[in-house]
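Following: one structure in structure tokens, then a few remarks.
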Amino acid sequence: MPTKTLQIPTTDGQADAFAAFPDRGERHPGALLYTDAFGVRPVLGEMARELAKHGYYVLVPNLYYRHGPAPVIELPEHIGEEIRPAVIAQLMPLIEAHTTERALRDADAYLGFLTTQPEVSGEPVAVIGYCMGAVLAMRTAAAHPDQVAAVAGFHPGPLVTDAPDSPHRLVPKLTAQVHLGLAENDMPSEAISELNRSLDAAGAGYTCEIYPGTVHGFTMSDTDAFNPSALQRHWDRLLPLLDRTLANS
């Protein structure tokens, strides 16, 4: 799969990014992929190329571009449990600086850029996220119901909080079909029930399931959380979702 590095103009500067897409000289449905907290790194390139094999143009921005190009901090090849706390501690100031306001401004820029690329067939698009990226994906889909037809989040960050703008409170704004793949330790049962009630009340087309035998981060092969069977389940859920919602775009 071809890949290329890109610079996305935003209201706060230039976000470095990369894209993976089929090499067939055609236009393809677009997908915006939000990384987990560890950010852009080789495993995200692998996942983007795998998705591109199925006929999608996949845009992966550096969420932390305000702090420098990716990788913003030096990451080990494998993020084991023994070093995970230290890595997260380095990233936490960047995560905390990525406010909802900033994230929504960036989403405007990312979608505007994605839908106007010459290899992209236009709208609608999909938004996919992992960990904190799943929260960003839900916010993006709610803020752009006319552009986003599918949203998928895996081992998500907090989707149900007490905040007025908690992602679960944004569900009535969604028009996208939704899949959420949770690790066993991601959300308490009460929060899952609250999320499902919100989705049901809004009449959203969705699936929300706990992937068995998983811990947070199960899709990421460069961490100790990786679970190969859960990664396959993730593809088994994601690809049909995209096929249903983007096949005619």
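Assorted remarks:
- Centroid-to-centroid, using Cα positions, region 111-183 and region 65-109 are 19 Å apart.
- Calculated FRET efficiency for the pair ASP236/ARG24, C-beta based, R₀ 22 Å, to 0.05: 0.35
- Each Lys and Arg Cβ is given +1 and each Asp and Glu Cβ -1; about its Cα centre, region 107-180 then shows a dipole of about 180 debye.
- Rolling a 1.4 Å probe over the protein heavy atoms of region 153-236, with every protein chain left in place, gives an accessible area that is 52 percent carbon and sulfur.
- ARG169 paired with LEU6, simple spin-label distance in nm, labels 7 Å along Cα-to-beta-carbon: 3.3 nm
- Linear extension gain, GLN14 paired with ILE210, 0.36 nm per residue minus alpha-carbon span: 66.9 nm
- Accessible surface of region 66-135 [probe 1.4 Å, protein heavy atoms]: carbon and sulfur percent: 56 percent
- The computed Cα extents along the principal axes in Å for the structure shown corresponds, within (i) 91, 48, 36; (ii) 52, 41, 31; (iii) 47, 43, 36, to (iii).
- Relative contact order (%) - the chain, alpha-carbon pairs under 8 angstrom, separation at least six: 18 percent
- Label separation (ARG197 vs ILE73): 3.7 nm, computed from points 7 Å beyond Cα along the C-beta direction.
- Secondary-structure-derived ellipticity at 222 nm for the chain, considering helices only, amounts to -11000 deg cm²/dmol, per-run term -39500 (n - 2.57) for DSSP H runs with n ≥ 4.
- Other-chain or far-sequence residues with amide H under 5 Å of GLN177's (modelled H): ALA150, VAL151
- Calculated accessible area for the chain comes out at 42 Å² per residue, all protein chains present (probe 1.4 Å; ligands, DNA, RNA ignored).
- Beyond 24 Å, the tail of the calculated P(r) for region 1-135 holds 27 percent of the Cα pairs.
The values are calculated or read from the model by the stated rules, or taken from the named source; none is laboratory data. Because the structure is a prediction, the values reported are computed rather than measured. Cβ: placed from backbone, ideal geometry, glycine included. Neighbour counts: every protein chain shown. With ligands, DNA and RNA removed, areas are computed over all heavy atoms of the protein, side chains included. Shrake-Rupley method; radii C 1.70, N 1.55, O 1.52, S 1.80 Å.
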